[in-house]
Amino acid sequence: MHLLRCKLSLARWVPLLAAWGILALRPALAETPRATPIDFSRDIRPILSDKCFFCHGPDEKHREAELRLDTQAGAMKVVEAGKPDESELIRRITTSDADERMPPPKSNRTLSAEQIELLRRWINEGAGWGEHWAFRPLVKPALPAGETVPPGETHPLDAYVAAGLKQHGMNLAPEADRQTLIRRVTLDLTGLPPTPEEVDAFIEDADADTDSAAYERLVDRLLASPAYGERMAWDWLDAARYADSNGYQGDGERTMWPWRDWVVDAFNQNLPFDQFTIWQLAGDLLPEATFEQRLATGFCRNHMINGEGGRIAEENRVDYVMDMSETMGTVWLGLTLNCCRCHDHKFDPLAQ
């Protein structure tokens with residue numbers, strides 16, 4: 001199915017997916033890594049993290065030579081932007097002198113020829129640094145080089161798909177017939193297949209000036225259906241670790257379904273994403289908080305509940321608070337907060 005056919009539902013999901021860190025559209029989607037400029041976070045940071053950070057990273061106990069490669073200021077001490085052959089970093093990873101070679105042989109770490117070439121290209125292209133992707137502002141990327149929106153399509157995403165297919169000698173599939181189309185979009189937006197009567201009505205929708213108009217009416221009907229919120233809530237309930245039971249021994253039931261129903265209603269009412277966020281994290285702290293706003297904070301009570309008789313109350317409290325914090329980081333910041341519970345994180349800019 002062409003991406004045009006999903007554009008209405010996608011438009012409502014983009015902010016949510018971006019916040020979860022699931023959606024990151026970039027020209028690289030349509031090009032091979034070697035055909036695109038080096039992206040520090042994608043191409044370089046993983047190499048430095050895997051091969052260099054143990055001795056030249058955030059952990060002071062293991063840091064050698066007072067050199068940090070996990071910060072831009074530290075890395076630029078051994079990098080001459082635009083001049084790979086004059087950069088100490090390149091000299092040390094390519095020298096044949098075992099005493100100066102990095103990573104040192106005793107570390108059991110080695111750089112492949114491809115990784116060395118990536119580091120050379122990075123320096124040659126200016127040694128640009130990059131923030132963690134979750135902190136980058138969302139920007140509209142340019143269309144892939146030489147691509148335009150394919151004839152008959154109106155959504156720029158189709159240009160990315162077309163460019164990717166072109167690399168493999170393939171073309172966009174023909175547009176789906178109406179019977180296939182209504183089945184796809186109904187399953188996408190409601191989680192259920194269309195009824196035979198709904199299929200017939202869509203196929204026979206001859207009043208429309210174009211197929212696009214008939215499709216838009218179909219999507220509008222599905223978006224207005226209560227089943228839309230029920231379908232959209234699935235992914236959010238998973239991300240928020242929703243359950244109707246405690247999750248530990250005995251796994252007793254608990255009453256979380258009112259919060260679940262609030263999420264369904266929030267999607268059906270198209271609640272703005274900022275309010276969707278604030279209400280769940282701090283709805284009870286809002287001035288003159290309504291019942292719905294307080295109910296939304298059930299998000300913070302979705303963690304597992306341990307009712308073991310001998311459990312230490314403070315241990316419970318710490319586990320619950322950490323679970324709330326880690327889930328908040330995952331679903332809203334695109335960050336894992338688990339690691340910084342015990343140590344500085346290698347990738348995310350979070351200290352213990």
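The values are calculated or read from the model by the stated rules, or taken from the named source; none is laboratory data. Every value quoted in this text rests on a predicted model; they were computed, and no experiment measured them. So basically every Cβ, Gly included, is an ideal-geometry build from the backbone, and we count neighbours across all protein chains shown. Note: accessible area is taken over every heavy atom of the protein model, side chains too, but ligands, DNA and RNA are not part of it. Shrake-Rupley method; radii C 1.70, N 1.55, O 1.52, S 1.80 Å.
Can you find a residue in the stretch 198-213 that is in contact with a Phe, Trp or Tyr (Cβ under 8 Å, 6 or more places away or on another chain) and either in contact (Cβ under 8 Å) with a residue 12 or more places away in the chain or assigned to a helix (DSSP H, G or I) (or both)?
no
Can you tell me which residue in the stretch 238-258 is most open to solvent (accessible area, probe 1.4 Å), limited to those that are closer than 19 Å to R294 by Cβ and assigned to a helix (DSSP H, G or I)? Don't jump to the end; show me each part of the working.
Taking the stretch 238-258 first, the residues closer than 19 Å to R294 by Cβ are 240, 242, 254-258.
Imposing the further condition that a residue be assigned to a helix (DSSP H, G or I) reduces the set to 257-258.
Details: W257: 129, P258: 37 Å².
Taking the candidates together, the pick is W257.
Would you say L165 is open to solvent by 50 Å² or more (accessible area, probe 1.4 Å), without any contact (Cβ under 8 Å) to a residue 12 or more places away in the chain and part of a helix (DSSP H, G or I)?
On the way: open to solvent by 50 Å² or more (accessible area, probe 1.4 Å): no; without any contact (Cβ under 8 Å) to a residue 12 or more places away in the chain: yes; part of a helix (DSSP H, G or I): yes.
Criteria not met by L165.
For residues that are closer than 24 Å to Y320 by Cα and either touching a strand residue (DSSP E or B) at 6+ places or on another chain (Cβ under 9 Å) or not in a helix (DSSP H, G or I) (or both), tally how many sit in the stretch 259-285.
Within the stretch 259-285, residues that are closer than 24 Å to Y320 by Cα and either touching a strand residue (DSSP E or B) at 6+ places or on another chain (Cβ under 9 Å) or not in a helix (DSSP H, G or I) (or both) number 0.
Given (1) modelled with pLDDT of 95 or more; (2) of a type outside the set (A, V, I, L, M); (3) part of a helix (DSSP H, G or I), identify the lone condition not met by E288.
With (1) modelled with pLDDT of 95 or more; (2) of a type outside the set (A, V, I, L, M); (3) part of a helix (DSSP H, G or I) applied to E288, the lone miss is (3).
For a quick check of your reading of the model, give me the residue pairs whose first member lies in the stretch 124-140 and is modelled with pLDDT of 90 or more, whose second is of a type in the set (S, T, N, Q), with beta-carbon atoms closer than 7 Å and at least 6 apart or on different chains.
Filtered contacts from the stretch 124-140: W129/Q72.
Give the residues of the stretch 48-76 that are surrounded by fewer than 16 Cβ atoms within 10 Å (Cβ to Cβ), free of Cβ contacts under 8 Å to residues at least 24 places away in the same chain and outside any loop (DSSP other than H, G, I, E, B), sorted by residue number.
Matches in the stretch 48-76: A73 only.
Can G307 be described as assigned to a loop (DSSP other than H, G, I, E, B) and either of a type outside the set (D, E) or open to solvent by less than 30 Å² (accessible area, probe 1.4 Å) (or both)? Break it down stepwise before answering.
Values: assigned to a loop (DSSP other than H, G, I, E, B): yes; either of a type outside the set (D, E) or open to solvent by less than 30 Å² (accessible area, probe 1.4 Å) (or both): yes.
Yes: the conditions hold for G307.
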